[in-house]
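Each value in this text was obtained by applying a stated rule to the coordinates, not by laboratory testing. The structure displayed is predicted, hence computed values, not measured ones. FYI the Cβ positions are ideal-geometry reconstructions off the backbone, even for glycines, and counts take in every protein chain you see.
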């Protein structure tokens, strides 16, 4: 029987809103908080971590090697290697996938994988600044948009417009999307009120002029006014658009981390597995149809694992 890869520690920060609770913190501040908590929860010596793989797409302005900075802030020693990964929307997941493979290969015994982002602190860029602006007007570019939320192959086109194409192809109506958004926010509010996220969240202290503030819950859901969702204007298509700010991905600041190792090593050191990675798969297609790429990945994964839809109790896509 082949070796299994297990997760023995996991933690995430609360999710801060755009220019909200975590606006004074960098991505690696948040990443460090998640790493520290995950390692503590795993009950292992920080010196046991061989390498950190951490996703971060909006890297500009943070200083070199954001993952290395997060590792230091998370209490890991100089001996822990660190690599920063960039994969739109899935960098933390890719970090976990690569950590899985490195552990199976025997490259390391213990790894930390995760991701971090501070969309609030993505800077503006002067792309001609090095060569000089000789005369007349020019542009500055939003790092968050240019390197995150706009298509690289159709410059200036928001990724949200491809969501509208998907909605049109599969007949997803405005009403259906509003209903889904409302249900999603309601679930998040109920989960927060019932304390269902407490076990996964590590509170983060934010320093301010009036003193320290401990942030322990996600910022976004509590600010949403559900009755306003059906009245929102379309975000990406003025006439006939179906997607709004409520049914789009939110702009957030936050981080999450996993401590991973082989199951045999966990038994050897007495670490308690909380989850097992059964398999992973990657699927790529036309960039403008990124929204349906998970379907291809799931198909590949089912073929690898022998699973089917009926075997999955909870989907997160």
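Modelled this way, with points 7 Å down the Cα-to-C-beta line, the labels at residue 281 and residue 300 are 0.8 nm from one another. Rg/Rh, computed from the Cα trace of segment 47-197 with Rh as the Kirkwood radius, has the value 1.07.
Taking only the Cα atoms of segment 1-52, how large is their convex hull per residue, in Å³?
In segment 1-52, the Cα hull volume divided by residue count equals 114 Å³.
Its Cα gyration tensor gives segment 160-218 an equivalent ellipsoid, and the semi-axes of that ellipsoid, as √(5λ) in whole Å with the largest first, are 35, 16, 10.
Report the percentage of all Cα-Cα pairs in segment 222-287 whose separation exceeds 19 Å, rounded to a whole percent. Tail fraction, whole percent: 65. Based on DSSP H segments of at least four residues, each scored -39500 (n - 2.57), the chain has a per-residue ellipticity at 222 nm of -9000 deg cm²/dmol.
Ordering 267-280, 72-85 by mean Cβ neighbour count within 10 Å, with the highest value first, yields 72-85, 267-280. After finding the eigenvalues of the alpha carbon gyration tensor for the chain, what semi-axes result from the square roots of 5 times each, listed largest first in whole Å? For the chain, the ellipsoid semi-axes come out as 32, 26, 22 Å. Volume per residue of the convex hull around the Cα atoms, evaluated for segment 1-116, comes out as 106 Å³.
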